[in-house]
Structure formats: structure tokens, C-alpha cells
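The structure under discussion appears below in the form of C-alpha cells.
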Amino acid sequence: MTDWNKVHNIHYYSYVQSFPVTSFLLAGVSHYTDTLKNINIGDTLDMSLEPNNQYDNSAIVIKNITDTCGYVPIHAKEKVQKHVPSKVKVIDKRIKNDIYSLRVDIVQN
């Protein structure tokens, strides 16, 4: 479940919706808005380690072919670590008033 009040601290965007427990919101998506505009619900993205990340040497990046979409947030790293590298599927996308959100779910092989 996502509560936009907790995510963005904005009451106007509050909603509750059920999502799979293996899903997560990407971190850092506001830095990749041009890439996010071309992504749709149902698209499959690549999830892989990014050991040369200047901020986190255990970063897990989500890419649309070669374009970065965002990163696995620190609180979700433990549950997705065993699935890296793999694919994730976009299950929710929100763009409103310059607030971007992208939720993905792990594609089970």
C-alpha cells in the first residue's frame, strides 16, 4: 500500500492502493524525468548492480535499456538483492505537478 502523504508529505495526493509485496517505489526518479515520460505501465525494465555509483557502492539501478529510471531505495534493497540482476515490470506511474513516482514489481522467472 502506498500513502502519498507518507511518500511526499502532501495531503492532496493521498491515496491507498494494494500492491504486491515484492513491489517498490524507485528512488531518485525526479532526476530522470525525461526518461520517465517515455515509460508506461506494463513496460519491463532492467535491474542490476551499479558498483561504481559515487554515492553507494551497493546501489541497484533500474534502467530502460541504457537510460536510468531510478534506484532501488535503501529500505527495499534487502528484499530485492537476491533477484539482481533481473527484470522488473512497471505497475504504477504517477506524474502530477512535477511530482514523479514509479512503482515496479520483480518479474518472477
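Where a number appears in this text, it was derived from the coordinates with a stated rule and is not lab data. From a predicted model like this one, the values you see are computed outputs, not experimental measurements. Every residue, glycine among them, receives a Cβ derived from its backbone with ideal geometry; neighbour counts consider all protein chains shown.
Measuring nothing but how far apart in sequence close Cα pairs (under 8 Å, 6+ apart) lie, relative to its length, the stretch 18-65 scores a relative contact order of 28 percent. 3J(HN,Hα) along the stretch 65-78, derived from phi through the Karplus expression 6.51 cos²θ - 1.76 cosθ + 1.60 where θ = phi - 60°, amounts to 6, 10, 8, 5, 9, x, 9, 5, x, 4, 6, 9, 4, 4 Hz, with x in place of Gly and Pro. Taken along the Cα-to-beta-carbon direction at a fixed 7 Å, the label points for Asn52 and Lys77 span 2.0 nm. Under 19 Å of direct C-alpha separation, and excluding same-chain neighbours fewer than eight residues apart, Lys87 reaches these lysines: Lys63, Lys77, Lys79.
Computed 3J(HN,Hα) for the stretch 91-106, one whole-Hz value per residue from the Karplus formula 6.51 cos²θ - 1.76 cosθ + 1.60 where θ = phi - 60°, is 10, 7, 9, 9, 9, 8, 6, 6, 10, 10, 8, 9, 10, 10, 10, 5, glycine and proline marked x.
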